[in-house]
Amino acid sequence: MAMALRCFRHLHSLLHCSSLTVARQLPQPPARCTLLLLDGCRHCAHPLLLARPLATKKAKGKGQTQAKVNISAALVEDIINLEETSADMQAVVEALKEDFNRNLNVRTSQGALDHIIVTTKDGKFPLNQLGQISQKSPQLVVVNMTNFPESTAAAMKAIRESGMNLNPEVDGTLIRVPVPKVTREHRESLAKLAKQSTNKSKEALRKVRSKSVNQVKKSKSKVSEDTIWLLEKQTCAMSLQIQQMADSAAAEMDKLLAAKTKELLG
């Protein structure tokens, strides 16, 4: 009997040690994250849901990095259309090119007068819609205002204030525009106008960039917390790409200005 009791106590001790060993081998909840046990925590009887680990400064300091996040193209397109942003920026560059070619030439031509805006009592109109423009000689351009004689004075004012160093003369419904002699001062004046036009275009470019970057930032208030986590790196990358597109467009403008300045100054 005594021997049976001793065996029973020994068996009870072995079972207790075995249970402790098994408990120690149970998976422990990872540090710095919500509990991830599908079948429930060993400290409670309630099942738990999977959750992503949260990054901490301490983890980053040890060189640990999160896994690369991949999101669908459709999710990015819901935030911003980068192709549209690029097209808007390129449109600003093309407008600067057109301005250089149309308005900033050493020799005044009839084409240079076409799009001078004339303010009349009925609204604003390009000069070529109000009068017939023709070049009579290399030194003279004529604007025939027969169709809209009442706008002759307004057309004269618009030509004079166009910034093209022109001094028109009126003869009835005809406006004679002498082509100015190409002087060093005139060339330098045109070069300054080219610089001013470039600065205005860069300001328009900055507005396009700012609008797009703000659109990316505002997207965070329209999506769920989990989606924000997924898109955080992507939005940073998109903002960087927008800035790179703006820098590229600005560099193209600088090249246009340098070429135009060289052409004007000779």
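If one puts a single equal scatterer on every Cα of the range 99-139 and applies the Debye formula without solvent, what log₁₀ I(q)/I(0) results at q = 0.21, 0.26, 0.34 Å⁻¹?
-0.70, -0.92, -1.15
So for the range 87-218, Kirkwood radius off the Cα pairs, Stokes-Einstein at 10 °C and 1.306 mPa s: how many µm² s⁻¹?
Estimated diffusion coefficient is 97 µm²/s.
Leaving out ligands, DNA and RNA, and with a 1.4 Å probe, what % of the accessible surface on the range 90-220 is carbon or sulfur?
48 percent
Can you tell me what the convex hull of the Cα atoms of the range 83-158 projects to on average, as an area in nm²?
It is 6.5 nm².
The values are calculated or read from the model by the stated rules, or taken from the named source; none is laboratory data. Because the structure is a prediction, the values reported are computed rather than measured. Ligands, DNA and RNA are stripped out before the accessible areas are found, and what is left, the full protein with its side chains, is counted by its heavy atoms. Shrake-Rupley method; radii C 1.70, N 1.55, O 1.52, S 1.80 Å.
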